[in-house]
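Asks: One structure, as structure tokens, below. Some questions next.
The values are calculated or read from the model by the stated rules, or taken from the named source; none is laboratory data. All figures in this text were calculated on a predicted structure; none of them were measured in a lab. Note that we place each Cβ from the backbone using ideal geometry, even for glycine, and neighbour counts take in every protein chain shown. Calculation scope for accessible area: heavy atoms of the full protein, side chains included, ligands and nucleic acids excluded. Shrake-Rupley method; radii C 1.70, N 1.55, O 1.52, S 1.80 Å.
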Amino acid sequence: MRRRHVGWIASTAAAVLVAAGAITYAVAEDDGSAAASTPAVGSADAGFARDMAVHHQQAVEMSYIVRDRTKDVEVRRLAYDIAQTQANQRGMLLGWLDLWGLPKVSADPPMTWMGMGDMASGKDGALMPGMATNTQMRKLQTLSGKQAEILYLQLMTAHHKGGIHMAQGCVDKCTVGVEKRLAQGMVAGQRSELDVMAGMLKKRGAQPLP
């Protein structure tokens, strides 16, 4: 497990470096210059990048946990795809914050950029919509086989629904074109995975969490 976390950190760091180099041109292409596209620290662009990076981190962690708790090829493949996709996207989001010279943490509550800063957050580690609690994450680590598969699919279904809500918020509010396009891709990709996970839960005689 430790080696996997080290590998994840390395891959994320690499993604950040790639993003910091390549995205400079993408941002400049949108508006004529990188400087003209630099968002403010309290903007939706910066808030989405910070919050979604945290949201994605939990999905990556959850996916690596279940890959160690089941031998089911279907679930392991899904978990691997989610982990790789969201680790790469997280690297891009953190890379943009570096590129813009903005902090990766904020004194404002999560979701402030969406006008939801006063929502109840942080309860048992669930900082944003759809995030699993610390208790749920610990429970996932104790299960194996079909039980682990079901809980993972239930937690990831809720996680994706929250992520789609946040990504759509960026589509509506963000101003940097390349970030809006990434957010739109998240909406489409996670909606597709929701359909897949619904079928996988049904196959296991289970349903999403209420």
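Asks: Around ALA126, which amide H atoms from residues at least 5 apart in sequence, or from another chain, sit under 5 Å from its own amide H, with H modelled in the peptide plane?
Replies: The answer is ASN134.
Asks: Using the Karplus equation 6.51 cos²θ - 1.76 cosθ + 1.60 (θ = phi - 60°), what ³J(HN,Hα) coupling, rounded to whole Hz, does each residue of region 64-70 give in order, writing x for Gly and Pro?
Replies: The phi angles translate into 5, 4, 5, 5, 8, 10, 9 Hz.
Asks: Moving on to the next point. Using θ = phi - 60° and the Karplus form 6.51 cos²θ - 1.76 cosθ + 1.60, what ³J(HN,Hα) does each residue of region 50-59 get, whole Hz, x for Gly and Pro?
Replies: Karplus-based 3J(HN,Hα) across region 50-59 equals 5, 5, 5, 4, 5, 4, 5, 4, 5, 4 Hz.
Asks: Further, regarding this structure: With every protein chain kept in the model, how would you rank ASP118, ASP124 by accessible area, 1.4 Å probe, largest at the top?
Replies: Heavy-atom accessible area, descending, gives ASP118, ASP124.
Asks: Right, here's the next one. When only Cα pairs under 8 Å and 6 or more residues apart are kept, what is the percent relative contact order across region 52-210?
Replies: After rounding, I find 22 percent.
Asks: Obtain the nm distance between the two label points defined at LEU209 and GLN184 by a simple spin-label model: each point lies 7 Å from its Cα along the Cα-to-C-beta direction.
Replies: So the two model labels end up 3.2 nm from each other.
Asks: Sorted by accessible area with a 1.4 angstrom probe, largest first, how do VAL54, VAL171 fall?
Replies: Largest accessible area first, the residues go VAL54, VAL171.
Asks: I've got another one for you. In region 122-190, which trypsin sites (Lys or Arg not before Pro) are in a loop and have at most 12 other Cβ atoms within 10 Å, using DSSP for the loop call?
Replies: none
Asks: Regarding region 35-169, what is the average projected area of its C-alpha convex hull, in nm²?
Replies: Taking a quarter of the hull surface, the average projection is 8.1 nm².
Asks: Quantify how much of the Cα-Cα distance distribution of region 144-192 extends past 12 Å, in percent.
Replies: For region 144-192, the share of Cα pairs beyond 12 Å comes to 63 percent.
Asks: Continuing with the same structure: I'd like the carbon and sulfur percentage of the solvent accessible area for region 140-204, probe radius 1.4 Å, heavy atoms only, ligands and nucleic acids excluded.
Replies: Here it works out to 53 percent.
Asks: So how much slack lies between ASP108 and LYS123, counting 0.36 nm per residue of separation and subtracting their Cα-Cα distance, in nm?
Replies: Separation in residues times 0.36 nm, less the Cα-Cα distance, equals 3.8 nm.
Asks: Short version: ³J(HN,Hα) in whole Hz for each residue of region 105-116, in order, from phi by Karplus 6.51 cos²θ - 1.76 cosθ + 1.60 (θ = phi - 60°), x for Gly and Pro, what are they?
Replies: These are the phi-based 3J(HN,Hα) values: 10, 9, 6, 6, x, x, 6, 4, 5, 9, x, 10 Hz.
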